[in-house]
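Everything on this sheet refers to the single structure shown next.
Only the coordinates and a few stated rules stand behind these numbers; no lab work does. In this text the structure is predicted, and so the values were computed from the model without any measurement. Here the Cβ positions follow ideal geometry from the backbone for every residue, glycine too, while neighbour counts run over all protein chains shown.
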Amino acid sequence: MGINMKKMAYIILLILTMVLLAGCKKDDNKDKAISDYQPKDTITPKPSEMPDVATPIPEETHEGEMRSTLTGFWVPEEIGTNRPYAIQFSNFKTVRNQWGISQADIVYEAIVEGGITRLLGIGENYSADRIGSVRSSRHYFVSIADEYDAIYIHYGKTKYAKSKLAEVGIDNLDGETGIGTTVFYRDNKMKAPHNAFGSLKGILAGIEKKGYETKHPADYEGHYSFYKEDTDLTSASIANKVTLDFSYYTSPYFTYNSEDKLYYRYQFAEAHKDSNIDKQLTFKNIIIQFVKQRPIDKNDYQTIDFEDASGSGYYISNGKKVDITWKKNEKNKWMRYYDESGDELTINPGKTYIAMFPNKRVEDLVLEK
């Protein structure tokens, strides 16, 4: 019995030993399997293979801004609601250039006596300390300034201009009245009458003394219709150079620059510059308006048929020219331009030059490719 018990115990011990040895071998194989495992290469997408995600472009809100009624550009509301200043600039050959005229958004040119032209610069954001030289008014410039609800700034006037100023009732600052020394000063280094200048400070002081309103009325409508973006003219002929032979005295011209899409002005055989900044005058738009113009007295003072008139002309922009027509109603304070279809003309955003060109000199207008 004792021997059998010992034998049984021996057998059980042998079985347990074999089980333990088998378990250890299994664990060794498992460990070997783990140590021999090599993970497969992980493929990481290259940056260029990553899917494109479009970044949303925020819409321009133009909060606190409005489209300028003079240029069609976005401007702060405090500027766009201002009544513009219409300043009567000299264009005498000995004076050559003007000071501050580059701040005008619209420039008109028309003949006065002796074949000389005078310029009217209309702007809503003049800021220079030297603006001029400022010359005397002519009645057709009064009518033009009145179209813009402008404050008209001039130094003196003809008797015809005096009557027109009273007739249309335009707010104006005249250097030959009591307000003159407030608004203007003389440059004694220059010869009169080409030496009268204004400044923003003087203009604002004059407006305050006269009690003029500085803002447009709430229902004011602008003079022009503008494209929202720069637009090339279709069904148009090429106009890369524009020469306006106003008279024996002056024949200004413009050349088109295709890089910036602007017209550069020249007169008296040189670049026409603003002497404040030594920069040439440039324009996005050119409007040539053929008008009935004639002398009205022995002094060769001129008049233009503006009271209730119409005519033809050209609109030029981006190197192209199209035919237009125009209508003027002085009593209702407007001038309208129309395209070849009879619809109101739409122009490109930017500065505009307008020539009041005598219809009897149409053959002296030259458009070149």
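Going by neighbour counts of Cβ atoms within 10 Å, the residues Thr352, Thr182, Thr346 line up, fewest first, as Thr346, Thr182, Thr352.
Each peptide in 278-289, 236-247 receives the mean, over its residues, of other Cβ atoms within 10 Å, and ordering these scores from highest gives 278-289, 236-247. Electrostatic tally near Gly311: other residues with Cβ closer than 11 Å to its Cβ, Lys and Arg +1, Asp and Glu -1, net +2.
Computed over every Cα-Cα pair of the stretch 65-368 and binned at 10 Å starting from 0, the pair-distance distribution P(r) comes out as 6, 29, 38, 23, 4, 0 percent.
A simple rule links phi to the HN-Hα coupling: the Karplus curve 6.51 cos²θ - 1.76 cosθ + 1.60 with θ = phi - 60°, which for the stretch 359-369 gives 5, 7, 10, 4, 5, 8, 9, 10, 10, 10, 7 Hz, with x for Gly and Pro. Size descriptors for the stretch 255-369, from the alpha-carbon set: Rg then Dmax equal 15.8, 48 Å. The H on the amide N of Leu173, modeled in the peptide plane, is under 5 Å from the matching H of Tyr152, Ile153, His154, each at least 5 residues off or on a different chain. Note: relative contact order over the stretch 99-235, using C-alpha pairs below 8 Å and six or more positions apart, is 20 percent.
Each of His272, His62 was scored by other Cβ atoms within 10 Å of its Cβ. Arranged with the fewest first, they read His62, His272. Amide H contacts for Trp334 (H built 1.01 Å from N in the peptide plane; partners 5 or more residues away or on another chain; cut-off under 5 Å): Asn329.
The HN-Hα couplings worked out from phi for the stretch 98-112 by the Karplus form 6.51 cos²θ - 1.76 cosθ + 1.60 (θ = phi - 60°) are 10, 10, x, 6, 5, 7, 6, 8, 9, 10, 9, 9, 8, 6, 10 Hz, whole numbers, x standing for Gly and Pro. If R0 is 45 Å, the Cβ-Cβ spacing of Tyr248 and Thr61 corresponds to a FRET efficiency of close to 0.25. If R0 equals 25 Å, the separation of the Cβ atoms of Asp187 and Ala269 corresponds to a calculated FRET efficiency of about 0.50. Pairwise Cα distances in the stretch 56-145 exceed 16 Å in 59 percent of cases. Counting neighbouring beta carbons within 10 Å and listing from fewest to most, the residues Leu70, Leu233 come out as Leu233, Leu70.
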